[in-house]
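Participant: After the structure tokens below, expect a handful of questions from me.
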Amino acid sequence: MKKFAVLLIICFTGTVQADRLPGPGQDVPKDPIKPYHTYTYENEWFAMDETAEILVAARGKNPIDVKVYDQQGNLVVIGWNHAYIERDGISMYTATWYVPGQRNGAIRYRIVLVNKTSFHIDFGISFK
């Protein structure tokens with residue numbers, strides 16, 4: 001798991017664009033996403049009038065949906081798999097969206113990772 005966490009940090013350094021409040025963050029949970037279950041980040045705040053981007057790295061070629069919902073529960077974006085690193089056995093997913101509104105404001109989002117397989121999936125997430 002430590003190698004996976006270090007690889008995740010290397011992959012994500014300097015790659016996210018948006019302003020997550022109170023500041024950038026990464027998370028490599030101790031427990032994987034259980035088969036056919038979700039992992040949810042309930043209160044993630046992003047600065048208005050910015051482009052937000054979330055990157056997720058997962059072990060293997062297992063499909064994960066990255067879903068982002070606004071404060072009213074509306075689905076804003078579904079992320080997609082944009083790379084598989086064969087040497088390390090890691091799939092990369094991204095979700096990008098525009099955060100509407102006036103500068104100096106923020107909007108709360110809920111981020112849901114959906115495991116669509118019968119396997120446990122180790123993952124890490126990075127957002128700024």
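No lab work stands behind these numbers, since they all come straight from the coordinates. Just so it is clear, the structure is predicted and the values come from calculations on it, not from any experiment. Ideal geometry is used to build each Cβ from the backbone, glycine not excepted, and the neighbour counts take in all protein chains shown.
Participant: Estimate the FRET efficiency between Lys116 and Ala83 by the formula 1/(1 + (r/R0)^6), using the beta-carbon distance for r and 22 Å for R0, to the nearest 0.05.
Facilitator: My answer for the efficiency is 0.75.
Participant: Please give the peptides 105-114, 39-48 ranked by average Cβ packing (other Cβ atoms within 10 Å per residue), highest first, as a rough proxy for protection.
Facilitator: So the peptides 105-114, 39-48, ranked by packing, come out 105-114, 39-48.
Participant: On to the next question. Describe numerically, in nm with one decimal, the distance between label points set 7 Å from Cα along Cα→Cβ at Thr51 and at Asn104.
Facilitator: Taking the simple label geometry, Thr51 and Asn104 are separated by 2.6 nm.
Participant: Using a basic spin-label model with each label point 7 Å from the Cα along Cα→Cβ, how many nm lie between Gln72 and Tyr41?
Facilitator: Placing both labels 7 Å beyond Cα along the Cβ direction yields 2.4 nm.
Participant: Please list, in chain and number order, the residues 5+ apart from Met48 or on another chain whose amide H is under 5 Å from its amide H, with Hs placed from the backbone.
Facilitator: Placed amide hydrogens put Asn104, Gly105, Ala106, Ile107 under 5 Å from Met48.
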